[in-house]
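Asks: Here it is: the structure, laid out below.
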There are 2 protein chains.
Amino acid sequence: MIKTPYLLFLGDAPDALAAKVAQGIKDWRPEFAVGQYRMEGCNADMGVPDMGLAEAKAAGVKTMVIGVANRGGFITDSWKEVLIAALNEGFDLASGLHNLLRDEPDLVAAAEANGCTLHDVRVPSVDYPIANGVKRKGKRCLAVGTDCSVGKMYTAMAMEGTMRERGMKATFRATGQTGILVTGGGVPLDAVIADFMAGSVEWLTPDNDDDHWDLIEGQGSLFHVSYSGVTMALVHGGQPDALILCHEPTRAHMRGLPDYQQPSLEDLRDTALHLAKVGNPACQVVGISVNTQHMSEADAVSYMAEVEARMGLPTVDPFRHGAERLVDALAAI
Amino acid sequence: MIKTPYLLFLGDAPDALAAKVAQGIKDWRPEFAVGQYRMEGCNADMGVPDMGLAEAKAAGVKTMVIGVANRGGFITDSWKEVLIAALNEGFDLASGLHNLLRDEPDLVAAAEANGCTLHDVRVPSVDYPIANGVKRKGKRCLAVGTDCSVGKMYTAMAMEGTMRERGMKATFRATGQTGILVTGGGVPLDAVIADFMAGSVEWLTPDNDDDHWDLIEGQGSLFHVSYSGVTMALVHGGQPDALILCHEPTRAHMRGLPDYQQPSLEDLRDTALHLAKVGNPACQVVGISVNTQHMSEADAVSYMAEVEARMGLPTVDPFRHGAERLVDALAAI
């Protein structure tokens, strides 16, 4: 686990979009976002206090999180200066950058000198077991998509937020780098070795209270030929009691695959449920999450009404209209 | 690729079972098995000439393959002596042992001194791409199982053998360590990083002649919760034109999973075909391979007749009765 709370390093982010990770922390774990560190030329602002390193230390910060993508794929000298100063202040560093902190000798040296940890969340740091399929206590919900990048993480995060507001026991379980940085822990599933994928998901969602829900972050799609194996490991390793179908209706083709079309929601429902029942015969499909960001309000509302009538399942865009009805559906099983 | 032909290192194999890899080479690629090297106490015999290292060199051997499992999981001093002598003779070494050749400093030093290569086939040696799903030329057949270890490799090997006898263009494509050592190349799929699994299968089965068949070695099972993600990557990365269903009828439960039962052949057929059609809409299920090793001849014959009548597909045990009818079915599509 990454120690919290965080100082959000925004570097010289050219715009808000480049600071997506920091924004995720601010949105979903505001209690972790004690302050932000901005360098000259930074055009992103998370709306949290700007802090120097000493000030952040005094405010209780434990880790500086690199909340911004780096241009050009390397860690610049100007960033390096701040990162080393942060280590000298005693902060751990956490990063989801492609180029790893651990591959920078000066950062490694400064971390060692100060007894600090470098977290590269793209790389697994645990020797995961092979899945044993043993039934676990507690409940699990998995978001599965007609395609990649259709809002599975957002859906699970929004559901966790709503459930916590209601006093339900709920934990978002991150399986990608952004989710890991936001919540401080998880499994970088796309970087796990094939034989251990399902085992890593079992590890991530262990026995829990009978009334506790894990909201497992989905990855890929059973219908996306590049990544379907990763999705399959979530469906079986996760032993979900509930599936949420996630869909983006305006895609011309599967993401990155011009010759492939998205499956119907009916096909996703039947295929995912059949496979999920191998691991958990009691699994149910409980709702549909539609990403309507490219639709007008009127189009979104009428599209979702049509889907809801056709499928007989609560159908919402949690970003537009909240996750309440999805949580109602979970609470009912 | 591992250079051929081979000298089969049998070490001090206590029995024939310990020399399974060497036996596979002898059975499926006899032309690679120029000779065997046996140490004192060896109780295995592949029926090929015993050779010393110099003699093997003179016979044209390029690689010494460790054809035997090591007791205790470490490379003993007595083995080491032979392995170093082989490197000094100019042979490459190839191994599927859990403990890697490359982790033994004296083997690394001897390999470097002699310009030889150490092949640890459990570990990927290629940076595989992410799968792009582009339709490839040539044809592909994939064996899928109701469970793990039901005879998928044997089925594909036997079909390749029959096809070559008939003058058909056919290549067994190894996805596990034994198959890689037998054929000299392949992908150790269970050790590939999740994001690259399907891409590694695409890499393994590239464009080919229109009348060429890849016989892709299956792994795991879509119904085995520990390994289903690996199977899924084969189903999508392999773009199979034909599926062979593999089954072992006497299992009390799924391998290693006491609480899980095997699916029916009907369920395997429908589930695997539906998923395979995502990558190749023309895919067909063409036959059934039954592993009847734990059944009497009479029971085997009557069981297969019942399955064939029920499923309407040629149903054989290729070990008992040959792969002719499976190849007939492939040739017909």
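Readers should treat all values here as calculations from the given coordinates under stated rules, not as data from a laboratory. Quick caveat, the model's predicted, so the values are computed rather than measured. Ideal geometry is used to build each Cβ from the backbone, glycine not excepted, and the neighbour counts take in all protein chains shown.
Asks: Per the Kirkwood treatment, what hydrodynamic radius in Å, one decimal, follows for the range B:52-122 from the mean inverse distance over all distinct Cα pairs?
Replies: Averaging 1/r across every pair of different Cα atoms and inverting gives 12.2 Å.
Asks: Given a cut-off of 25 Å, name the pairs among B:LYS26/B:LYS139; A:LYS62/A:LYS139; B:LYS139/B:LYS277 whose C-alpha atoms lie farther apart than that in the structure shown.
Replies: Check vs 25 Å cut-off fails for B:LYS26/B:LYS139; A:LYS62/A:LYS139.
Asks: Taking the Cα atoms of the range A:241-333, report the difference between the largest and smallest coordinate on each principal axis, in whole Å and largest first.
Replies: That gives 37, 33, 20 Å along the principal axes, largest extent first.
Asks: In Å, the Kirkwood hydrodynamic radius of the range B:230-282 over pairs of distinct alpha carbons?
Replies: Every distinct Cα pair counted, the radius reaches 12.3 Å.
Asks: Which ³J(HN,Hα) values in Hz, rounded to whole numbers, follow from the phi angles of the range A:290-297 under the Karplus curve 6.51 cos²θ - 1.76 cosθ + 1.60, where θ = phi - 60° and Gly and Pro get x?
Replies: Going residue by residue, I get 10, 8, 9, 4, 9, 10, 5, 4 Hz, with x marking Gly and Pro.
Asks: To one decimal place, what orientation-averaged projected area in nm² is obtained for the convex hull of the Cα set of the range A:6-120?
Replies: The directionally averaged projection comes out at 6.2 nm².
Asks: Additional query: In whole Hz, with x marking every Gly and Pro, tabulate ³J(HN,Hα) for the range B:224-233 from phi via Karplus 6.51 cos²θ - 1.76 cosθ + 1.60, θ = phi - 60°.
Replies: With the stated coefficients, the range B:224-233 comes to 9, 5, 6, 10, 4, x, 5, 4, 4, 5 Hz.
Asks: How high is the FRET efficiency between B:GLN293 and A:GLU306 when r is their beta carbon distance and R₀ equals 45 Å, given to the nearest 0.05?
Replies: For R0 = 45 Å, the calculated efficiency reads 0.25.
Asks: Let me ask something else about it. For the range B:311-324, in order, what is each residue's ³J(HN,Hα) by Karplus, 6.51 cos²θ - 1.76 cosθ + 1.60 with θ = phi - 60°, in whole Hz (x at glycine and Pro)?
Replies: So the J values, rounded to whole Hz, are 9, x, 9, x, 10, 9, 9, x, 5, 7, 10, x, 9, 3.
Asks: Shifting gears a bit: Magnitude of the Cβ-charge dipole of the range B:100-240, K/R +1 and D/E -1, about the Cα centre, nearest 20 debye?
Replies: I would put it at about 580 debye.
Asks: Within the range B:148-228, which trypsin sites (Lys or Arg not before Pro) sit in a loop by DSSP and count at most 13 neighbouring Cβ atoms inside 10 Å?
Replies: When the trypsin sites (Lys or Arg not before Pro) of the range B:148-228 are filtered for loop state and at most 13 Cβ neighbours within 10 Å, B:ARG166 remain.
Asks: Measuring nothing but label to label, 7 Å from Cα along Cα→Cβ, what are A:ARG320's distances to the other copies in nm, shortest first?
Replies: Values, ascending and in nm: 6.0.
Asks: Please give the FRET efficiency for A:ALA58 paired with A:ASP127, using the beta carbon to beta carbon distance and R0 = 51 Å, rounded to the nearest 0.05.
Replies: 0.85
Asks: Right, here's the next one. Over the range A:139-332, what is the relative contact order in whole percent, taking alpha-carbon pairs under 8 Å and six or more residues apart?
Replies: 27
Asks: Another question about this same structure. With only alpha-carbon atoms counted, please give the Rg and Dmax of the range B:139-332, in Å.
Replies: 15.4, 46
Asks: Once you keep just the Cα pairs under 8 angstrom separated by 6 or more residues, what percentage relative contact order results for chain B?
Replies: Computed value for chain B: 15 percent relative contact order.
Asks: Moving to a separate point now. Return the Cα extents of chain B along principal axes one, two and three, sorted largest first, each rounded to a whole Å.
Replies: Between the extreme Cα coordinates on each principal axis of chain B lie 58, 47, 44 Å.
Asks: Right, another one. Between copies, how close do the B:SER296 label points come, placed 7 Å along Cα→Cβ, listed in nm from shortest?
Replies: Label point to label point, same position, other copies: 7.7 nm.
Asks: Apply the Kirkwood formula to the range A:196-252: the hydrodynamic radius equals the inverse of the mean of 1/r over all pairs of different alpha-carbon atoms; give it in Å with one decimal.
Replies: Hydrodynamic radius (Kirkwood, Cα pairs) of the range A:196-252 is 12.6 Å.
Asks: Same structure, new question: In terms of the Cα gyration tensor, with a ≥ b ≥ c the square roots of its eigenvalues, is the range A:153-257 rounded because a/c is under 1.5, prolate because a/b exceeds b/c, or oblate?
Replies: oblate
Asks: May I ask you to give the average projected area over all directions of the convex hull of the Cα atoms of the protein assembly as shown, in nm² rounded to one decimal?
Replies: Averaging across all directions leaves 32.6 nm² for the Cα convex hull.
Asks: Can you give the helix-only mean residue ellipticity at 222 nm for chain B, where every DSSP H stretch with n ≥ 4 adds -39500 (n - 2.57) and the sum goes over all residues, rounded to the nearest 500 deg cm²/dmol?
Replies: It comes out at -10500 deg cm²/dmol, rounded to the nearest 500.
Asks: Would you mind ranking A:ASP120, B:ASP259 so that the residue whose beta carbon has the fewest other beta carbons within 10 Å leads the list?
Replies: Going from sparsest to densest Cβ surroundings: B:ASP259, A:ASP120.
Asks: Turning to a different aspect of this structure: Let me spell out the model: positive unit charges on the Cβ of Lys and Arg, negative unit charges on the Cβ of Asp and Glu, origin at the Cα centre of the protein assembly as shown. What dipole size does that give, in debye rounded to 20?
Replies: Approximately 600 debye in magnitude.
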